[in-house]
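What follows is a single structure, written as structure tokens, with notes after it.
The values are calculated or read from the model by the stated rules, or taken from the named source; none is laboratory data. Note that the structure is a prediction, hence the values are computed from the model and not measured. Using ideal geometry, Cβ is built from the backbone for each residue, glycine included, and neighbour counts are taken over all protein chains shown. Just so you know, the surface numbers come from the protein's heavy atoms only, side chains and all, with ligands and any DNA or RNA stripped out. Shrake-Rupley method; radii C 1.70, N 1.55, O 1.52, S 1.80 Å.
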Amino acid sequence: MTQAQAPVLVGAQVQQKRGARRRGPSAPLHIALIAIMVIWAIPAIGLLVASFRTAAATNASGWWTAIAPPYEFTFANYDYVLNRAGFWNSFLNSFVITIPATVLVVMIAAFAAYAFAWMEFPLRNFLFVVVVGLLVVPLQVTLIPVLTLLRDVNLFGNKINGTILAVWLAHTGYGLPFAVYLLRNYFGSLPREVFESASIDGAGPATAFFRLALPMSVPAIASLVIFQFLWVWNDLLVSLVYLGPVPQNHPLSVTLANLTTNFGGNWQFVTAAAFVSMIVPIIVFFSLQRYFVRGITGGAVKG
């Protein structure tokens with residue numbers, strides 16, 4: 001008996017077979033992603049629609065009824081928020097707080113991450129474990145000790161507590177554990193041969209850091225900038241605790257939270273203010289989003 005042989009696929013048939021295998025699950029996957037995206041966007045859409053409605057209209061019916069005639073949209077909420085006393089000063093304060101707090105975290109974390117990844121020193125692994133362990137410490141349990149420390153520290157005869165410097169230091173301390181963890185893993189995934197070649201050519205640690213590590217780690221640094229910028233820009237608790245009741249120093253998040261009354265009134269203005277505060281984070285994210293996935297995956301699974 002002769003054994004039947006399987007048909008051999010060649011040329012275009014192989015490409016067609018492979019193409020069919022790749023395209024098979026793409027349609028269900030795209031449908032699932034679109035469904036998840038729509039579900040995820042529903043609260044934001046509802047918030048956007050509510051920002052153009054009066055409080056009476058929103059209390060009378062759901063936001064989805066506003067997208068059908070008769071339309072009853074108004075810009076009064078945005079007019080109130082944008083023309084409120086102190087709003088633009090708070091907007092500027094948010095930049096004054098967020099940009100230095102982001103730059104400090106990225107700079108310090110980059111130096112520390114490079115040392116943990118490529119330099120030999122005593123207790124290196126132990127110290128890195130300690131830094132990673134700080135990720136699980138709740139921010140709330142540190143507020144009173146750090147606030148007490150800042151209250152007792154003077155800088156040129158002036159108290160640090162209640163100033164923007166206190167918020168810079170607090171955000172830097174809170175952001176460093178995750179920043180060091182992310183960048184250290186990414187730095188550790190860089191080719192060792194590159195640093196060995198640089199060392200043979202006479203490059204010191206500083207040269208290798210600035211000329212090799214930083215240029216090759218742009219995706220991870222951009223991802224860290226997105227995380228830190230968004231977290232500081234949207235922060236409310238840290239600013240409330242370390243700035244105190246001085247309204248001149250309050251960032252946008254604190255000013256917008258004060259739009260509501262003690263009994264929950266004026267919340268319709270918060271919906272408009274939420275979208276005003278979203279503009280800058282959205283610009284930052286879309287400016288750096290092409291690096292985002294590469295930076296997160298590189299820092300999470302390598303090292």
Once phi is turned into ³J(HN,Hα) by the Karplus curve 6.51 cos²θ - 1.76 cosθ + 1.60 with θ = phi - 60°, what whole-Hz value does each residue of the range 161-177 show in order, with x for glycine and proline?
4, x, 10, 5, 4, 4, 5, 4, 5, 5, 5, 5, x, 6, x, 5, x
How large is ³J(HN,Hα) for each residue in the range 244-250, as worked out from phi by the Karplus curve 6.51 cos²θ - 1.76 cosθ + 1.60 (θ = phi - 60°), to whole Hz, x for Gly and Pro?
x, x, 6, x, 5, 9, 5
Note down the relative contact order for the range 87-297 as a percent, whole number, built from C-alpha pairs under 8 angstrom at least six residues apart.
32
Could you compute the FRET efficiency for Ile108 and Ser199, with r as their C-beta to C-beta distance and R0 at 22 Å, rounded to 0.05?
0.35
Note down the nm distance, to one decimal, between modelled labels 7 Å out along Cα→Cβ at Ile283 and at Ala27.
4.3
Mean-position separation - Cα centroids, the range 183-241 and the range 76-112, in angstrom
23
Please state the charge dipole magnitude for the range 125-245, taken about the Cα centre, from unit charges on C-beta atoms (+1 on K and R, -1 on D and E), reported in debye and rounded to the nearest 20.
200
If I take R0 = 51 Å and measure r between the Cβ atoms of Leu48 and Asn154 in this structure, what FRET efficiency does the formula 1/(1 + (r/R0)^6) give, to the nearest 0.05?
0.60
Taking H as built 1.01 Å from N, whose amide H comes closer than 5 Å to the amide H of Thr74, not counting residues under 5 places away?
Arg53
With the crude spin-label approximation of a point 7 Å out along Cα→Cβ, what separation in nm comes out for Leu134 versus Asn266?
3.8
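Taking a probe of 1.4 Å, how large is the accessible area per residue of the range 87-297, in Å²? If you can, show how the numbers build up before the last one.
Details: 10990 Å² over 211 residues.
For the range 87-297, the per-residue accessible area is 52 Å².
With only alpha-carbon atoms in the gyration tensor, what are the semi-axes of the equivalent ellipsoid for the range 179-223, in Å, largest first?
20, 10, 8
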Full extension from Val276 to Ala55: what is 0.36 nm times the residue separation minus their Cα-Cα distance, to one decimal in nm?
77.7 nm
